[in-house]
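Notes to accompany the following structure.
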Amino acid sequence: MEKIDWKKARFVVKGWRLGDYFRQFSIVAAGIIVTFWGSDRITERSRQKEVHAMMQLVTEELEHNRKELHEIKSLLDIDVHMSALLIENKMDISEIPTDTLWKYGQYFNNMNEFYYRTDALDVLKGSSLMQYISDKRLLQDVLQTYFQLERIKKDVTDYYGVKTNTIMTIAMTQKSKKVLAADRTFRDEVSELLQCDSFINFTIMVQGFLDWDDFASLDQMLDKQIQTLKAKYK
């Protein structure tokens, strides 16, 4: 009978156990790696959905802000047109038709403000989503657009601040008897304003008070940004 080599047998057994251990370990390790990889994929997909939804809100907000820009620009255009008409007529409204005065009558009493929204941008800034926007150039362009909106708002606020102060100062110094006169017409009110040096001086500086080209530039910027965001996050 052949003698058994127990040393060799122990080596084979140990070798088998060690190989089996590594094989089992590899299976477990691979399972863990796949689990984490799958979890990361799900997390990233969920995060990108949040980014997508947030950027759609930003797009809608910019569309709203563009409409607000158009509205304030329409009011400012009235001021520019009426001031030019008054300067052309040397502050004499006798030759200006009444319907024209009514059409641009807001020039004499409109004291407005430019409002734009930042709710969506504020939420984006307050969340951790901003860091997951891969296109940093796009993000920079969005922030720059809001910066320009704020700059225009400041300019408009300064303009209407001067206008409000001018008109209100004149209104507070008028005699109540004249203001309450039953036969007082809109043309009378305008004529009285044009007798005040402060209002005449304001009228002369209207066209140069703001850089009107900035409004067109911002409108183009908003349009371009909105179209870009719609294409990327449709």
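Miscellaneous remarks
- Net dipole in debye of segment 74-177 [+1 Lys, Arg Cβ; -1 Asp, Glu Cβ; about Cα centre; nearest 20]: 320 debye
- Local net charge near Asp223, Cβ-Cβ under 10 Å (Lys/Arg +1, Asp/Glu -1): 0
- Cut-off 9 Å between beta-carbons: net charge of the residues surrounding Ala120, Lys and Arg +1, Asp and Glu -1: -3
- For segment 93-171, taking the reciprocal of the average inverse distance between every pair of different Cα atoms yields a Kirkwood hydrodynamic radius of 16.2 Å.
- Among the listed pairs Lys154/Lys234; Lys103/Lys224; Lys103/Lys153; Lys67/Lys125; Lys103/Lys154; Lys154/Lys232, those with a Cα-Cα distance over 29 Å are Lys154/Lys234; Lys103/Lys224; Lys154/Lys232.
All of the numbers you see were taken from the coordinates with simple rules; none came from a lab. Only a predicted model underlies this, so the values are computations on that prediction, with no experimental measurement involved. Cβ coordinates were reconstructed from backbone atoms using ideal geometry, including for glycine residues, and neighbour counts include every protein chain displayed.
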